[in-house]
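Here is the structure we will look at.
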Protein chains: 2
Amino acid sequence: VVSAQANIYAVILAGGSGTRFWPASRVAFPKQLLALGPSPESLIRETYKRLSSLTTGDKILVATGKHLLAGTQRELPELPDASFLGEPRARNTAPCIAWAVERIARRDPDALVVVVPSDQFIENEERFHECLQSALRSAEAGPITVLGILPTRPETGYGYIQAGAAIDSDTYKVRRFVEKPNRATAEQYLREGGYYWNAGMFVFRASVFMSELARHMPKLFEGVRAVGLAAAQGREAEAVEELFATTESVSIDYGIMERTESINVVPADVGWNDLGSFQVAWELASKDEAGNAAPESAVLIEAGNNLVMDKRTTPDTRVIALVGVSDLCVIQTDDALLVVPRERCQDVRDVVAVLKDTARTALT
Amino acid sequence: VVSAQANIYAVILAGGSGTRFWPASRVAFPKQLLALGPSPESLIRETYKRLSSLTTGDKILVATGKHLLAGTQRELPELPDASFLGEPRARNTAPCIAWAVERIARRDPDALVVVVPSDQFIENEERFHECLQSALRSAEAGPITVLGILPTRPETGYGYIQAGAAIDSDTYKVRRFVEKPNRATAEQYLREGGYYWNAGMFVFRASVFMSELARHMPKLFEGVRAVGLAAAQGREAEAVEELFATTESVSIDYGIMERTESINVVPADVGWNDLGSFQVAWELASKDEAGNAAPESAVLIEAGNNLVMDKRTTPDTRVIALVGVSDLCVIQTDDALLVVPRERCQDVRDVVAVLKDTARTALT
């Protein structure tokens with residue numbers, strides 16, 4: 001096991017402002033702060049718990065939007081304040097990962113860093129940890145290593161990773177990253193095999209990442225070095241503000257992963273799910289005999305296969321009653337209510353668009 | 001016009017604890033306090049406004065449950081405190097009407113009293129006032145007079161009044177009151193004609209009512225006389241408490257109207273509606289082109305023929321969004337939400353039953 005020898009850090013990516021779970025999620029309360037899986041705990045807390053056996057709290061960093069800091073810290077009270085990196089602006093994943101890794105590299109250039117999104121569900125935790133061990137071994141030897149999710153359907157919504165030559169039984173060289181394919185291509189990938197979904201989970205040595213950053217994104221490299229120097233003088237906040245005001249919005253995939261020469265992939269059959277919609281949340285949720293995923297307090301009369309979420313904060317005695325309705329999502333917050341058939345739950349984006357058009361951004 | 005000569009009083013009956021509009025209505029917030037018709041004002045306020053051209057505020061009495069006094073007074077701020085009669089217990093209509101009329105008779109035995117429920121909708125106000133004038137003329141001559149609603153369907157949910165001999169073009173003697181009929185009988189009434197729905201609207205001289213009360217309900221007569229005497233000594237509250245603790249629960253129909261010898265009926269084609277369900281409320285409501293009756297703030301996307309009620313008190317920016325759903329009732333309050341197909345809205349009673357069974361009476 002790598003973790004016994006190595007100095008392992010984790011970076012949890014907790015930005016995002018998805019509208020796919022409106023009104024449960026908001027700009028100021030994104031998906032990772034919600035309990036969308038079968039667990040009653042939030043996705044970010046589940047993510048943290050998954051990593052906490054790997055390292056200690058002082059070695060777990062959480063990168064999130066500045067406006068989300070309070071809500072995010074509330075979910076992870078075990079972590080010291082210093083664990084939280086508040087991005088002044090959303091600039092995609094490259095700037096915040098670079099900021100986090102520069103800080104880790106200053107403390108220990110040999111550190112192994114695990115980067116994971118905060119808003120995904122992983123069913124098979126044991127298998128996840130086996131895959132992570134393979135990835136840590138691979139990264140210890142040098143190459144940046146990505147977990148590649150074994151596809152279960154011809155999904156056109158994700159980028160893919162094509163595996164090349166085998167390094168050992170668990171690990172392959174990456175032949176190439178490919179953009180979201182069309183349906184025919186996605187079906188071909190599935191038939192052919194050797195293609196994996198890119199779920200944004202990476203493992204690398206801090207020093208390796210920093211030299212790849214210097215090569216492929218020199219401006220960002222200089223930017224985070226400046227932040228590091230400023231931090232040593234107690235002026236990190238101003239430097240971060242300046243960096244995020246000027247740096248480009250670039251994903252880590254596009255900025256580094258697709259350009260680096262030596263990168264490995266560990267196929268991961270871990271029951272991964274990106275929880276992309278209420279439909280998926282319903283599929284994963286624990287349900288009653290009638291197929292309803294609903295709070296215990298709900299009154300359900302001849303109602304079947306509904307997803308009911310009650311996010312109201314007061315009063316404690318509140319109730320949601322469904323009579324004679326099926327296959328609905330009923331999502332309730334203090335200031336908003338959504339009723340939509342499960343199979344149309346993607347259309348919630350249209351509601352958010354209408355709210356923006358009618359100058360009701362407080363509700364988005 | 002009678003009102004120019006006579007001393008007209010009105011008694012608005014505002015008891016009731018219906019569960020048919022849960023969660024919008026509650027035990028502590030019954031139907032008449034809701035705006036269920038096309039008007040944005042509550043049914044009781046619409047009732048009051050309908051009568052206010054007939055008499056002055058000091059001659060309008062409102063009989064309601066003691067626990068409903070505050071909410072009822074809030075709807076009718078124009079009326080003096082003395083206008084409100086708070087029943088310590090629900091005892092059906094005879095005791096509260098007797099209490100109110102005794103008070104009126106003490107002030108003016110010759111007063112003409114109009115008794116109306118507070119929770120009905122009347123579309124044609126002009127015609128209503130014409131009918132009321134006929135009833136006032138009839139009552140001025142002696143007989144208790146009831147407004148008989150012209151039936152529009154073979155309704156089995158109401159009692160009927162059969163008209164007898166004509167007194168003039170507007171007024172008939174009552175042949176008999178009949179209980180709620182079965183379907184076949186209701187259809188026969190409709191075919192035959194001369195049958196009217198009993199909507200609980202009566203007009204009579206105070207003195208006539210008091211002597212009929214003395215004859216048919218002597219105990220109640222003694223009871224309200226005792227209340228009247230106590231009131232003269234400033235001890236009305238205790239006397240009322242005692243009366244309602246001991247008096248029987250009897251309707252005015254059963255107690256007096258069905259027993260009195262001289263009683264007239266004025267057929268009333270006034271667009272009357274008892275607003276018995278969310279379905280009826282939807283039918284009467286003003287709707288958008290897609291048939292939705294909803295607050296203006298609602299976001300409705302490919303949604304049709306829905307009834308949306310938002311009774312939340314905070315925050316002001318709240319929203320209800322319906323996407324891709326049809327023919328639903330979506331009723332929202334601060335502590336409860338109901339989703340039910342319009343055609344099953346009667347089943348809301350089952351929800352209230354479940355709440356009682358699970359010791360959540362605060363929600364009923």
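The values are calculated or read from the model by the stated rules, or taken from the named source; none is laboratory data. In this text the structure is predicted, and so the values were computed from the model without any measurement. Cβ atoms come from the backbone with ideal geometry, glycine included; neighbour counts cover every protein chain shown. When the accessible area is computed, the model is the full protein with side chains, heavy atoms only, and any ligands, DNA or RNA have been set aside. Shrake-Rupley method; radii C 1.70, N 1.55, O 1.52, S 1.80 Å.
How many Å² of accessible area per residue for the range B:109-174, probe 1.4 Å? Don't skip to the end; give the middle numbers.
Working: 2490 Å² over 66 residues.
Spelled out: the 1.4 Å probe surface of the range B:109-174, per residue, equals 38 Å².
Determine the per residue accessible area of the range B:1-82 with all protein chains present and a 1.4 angstrom probe, expressed in square angstrom.
Roughly 38 Å² per residue, with all protein chains present.
Using modelled backbone amide H atoms (1.01 Å from N, in-plane), which distant-in-sequence or interchain residues come within less than 5 Å of B:Asn264's amide H?
Distant-sequence amide H within range of B:Asn264: B:Ile144, B:Thr145, B:Val146, B:Val174.
Let me check against my output: what whole-number percent is the relative contact order of chain A, with C-alpha pairs under 8 Å and at least 6 apart?
The normalised contact order for chain A reaches 20 percent.
Given a 1.4 angstrom probe, I'd like the percentage of the accessible area of the protein assembly as shown that is carbon and sulfur, rounded to a whole number.
48
Evaluate E = 1/(1 + (r/R0)^6) for B:Gln279 and B:Arg107, where r is the Cβ-Cβ distance and R0 equals 41 Å; express this FRET efficiency to the nearest 0.05.
0.45
Would the range A:7-142 count as rounded, prolate or oblate if I go by the C-alpha gyration tensor, calling it rounded below 1.5 in a/c and otherwise prolate when a/b exceeds b/c, oblate otherwise? Can you show the working numbers first?
Working: a/c = 1.86, a/b = 1.29, b/c = 1.44.
Since a/c reaches 1.5 but b/c is at least a/b, the shape of the range A:7-142 is classed as oblate.
By how many nm would the segment from B:Asp347 to B:Arg259 grow when fully extended, if each residue of separation counts as 0.36 nm and the alpha-carbon distance is taken off?
Here the answer is 28.1 nm.
What does the structure give for B:348-358 when I average, per residue, the other chain Cβ atoms found within 10 Å of the residue Cβ?
Numbers: counts 3, 1, 6, 7, 2, 2, 5, 4, 0, 1, 3.
Mean partner-chain Cβ count within 10 Å for B:348-358: 3.
Given A:Asn264, A:Tyr254, A:Gly304, which one lies farthest toward the positive end of the charge dipole of the range A:239-312, if we put +1 on the Cβ of every Lys and Arg and -1 on the Cβ of every Asp and Glu?
A:Gly304
For chain A, what does the helix formula give at 222 nm: sum of -39500 (n - 2.57) over DSSP H segments with n ≥ 4, over the residue count, nearest 500 deg cm²/dmol?
Taken over chain A, the calculation gives -9500 deg cm²/dmol.
With every protein chain kept in place and ligands, DNA and RNA left out, what is the accessible area per residue of the range B:214-364? Probe 1.4 Å, answer in Å².
About 45 Å² of surface per residue is accessible.
Could you give, in nm with one decimal, how far A:Arg215 is from each other copy of that position, shortest first, with labels 7 Å out from Cα toward Cβ?
Output for A:Arg215: 11.0 nm, nearest copy listed first.
Contour minus end-to-end for B:Gln233 and B:Thr156, with contour as 0.36 nm per residue of separation and end-to-end as the Cα-Cα distance? Spell out each step's value before the answer.
On the way: separation 77, 0.36 × 77 = 27.72 nm, distance 4.70 nm.
Full extension of this stretch gives 23.0 nm more.
Evaluate the charge dipole of chain B about its Cα centre and quote only its size in Debye, nearest 20, assuming +1 on the Cβ of each Lys and Arg and -1 on the Cβ of each Asp and Glu.
The calculated dipole for chain B is roughly 760 debye.
Among A:103-111, B:110-118, how do they line up from the highest to the lowest mean number of other beta-carbon atoms within 10 Å?
B:110-118, A:103-111
Expressed as a rounded percentage, what relative contact order does the range A:227-348 have, with Cα pairs under 8 Å and six or more residues apart?
About 17 percent, as a whole number.
Distance cut-off 21 Å, Cα to Cα: go down the list B:Lys59/B:Lys311; A:Lys31/A:Lys356; B:Lys31/B:Lys356; A:Lys59/A:Lys311 and report the pairs above it.
On the way: B:Lys59/B:Lys311 32 Å; A:Lys31/A:Lys356 19 Å; B:Lys31/B:Lys356 19 Å; A:Lys59/A:Lys311 32 Å.
From the list (B:Lys59/B:Lys311; A:Lys31/A:Lys356; B:Lys31/B:Lys356; A:Lys59/A:Lys311), the Cα-Cα distance tops 21 Å for B:Lys59/B:Lys311; A:Lys59/A:Lys311.
Under 5 Å between amide hydrogens, which residues at least 5 positions from B:Val11 or on another chain qualify, with H placed 1.01 Å from N in the peptide plane?
Hits under the 5 Å cutoff: B:Leu61, B:Val114, B:Val115, B:Val116.
Between copies, how far apart are the B:Ser52 label points? List them in nm, one decimal, shortest first, with each point 7 Å from Cα toward Cβ, please?
Distances between equivalent label points, in nm: 6.3.
For the range A:294-324, which residues drop by 50 square angstrom or more in accessible area between the chain on its own and all protein chains together (1.4 Å probe)?
A:Val299, A:Ile301, A:Val319, A:Ala321, A:Val323
Output, in nm with one decimal and in ascending order, the distances from the A:Arg89 label point to the matching label points of the other copies (7 Å from Cα along Cα-to-Cβ).
Those label-point separations list as 7.3 nm.
Using only protein heavy atoms and a 1.4 angstrom probe, determine the accessible area buried between A and B, summed over both sides, in Å² to the nearest 100. Numbers along the way, then the final one.
Details: alone 16520 and 16510 Å², together 30240 Å².
Using a 1.4 Å probe on protein heavy atoms, the buried area is about 2800 Å².
Within a 10 angstrom radius of each residue's Cβ in B:330-337, how many Cβ atoms of other chains show up on average? Whole number is fine.
Mean partner-chain Cβ count within 10 Å for B:330-337: 5.
Counting only DSSP beta bridges with both residues in the range B:131-286, what percent are antiparallel, rounded to the nearest 5? Walk me through the numbers before you get to the answer.
Numbers: 14 of 20 bridges.
Percent antiparallel among DSSP bridges in the range B:131-286 is about 70.
What fraction of the DSSP beta bridges in the protein assembly as shown is antiparallel, stated in percent and rounded to the nearest 5?
45
In peptide A:338-344, how many Cβ atoms from other protein chains are near each Cβ within 10 Å, on average?
Taking all residues of A:338-344 together, the mean is 5.
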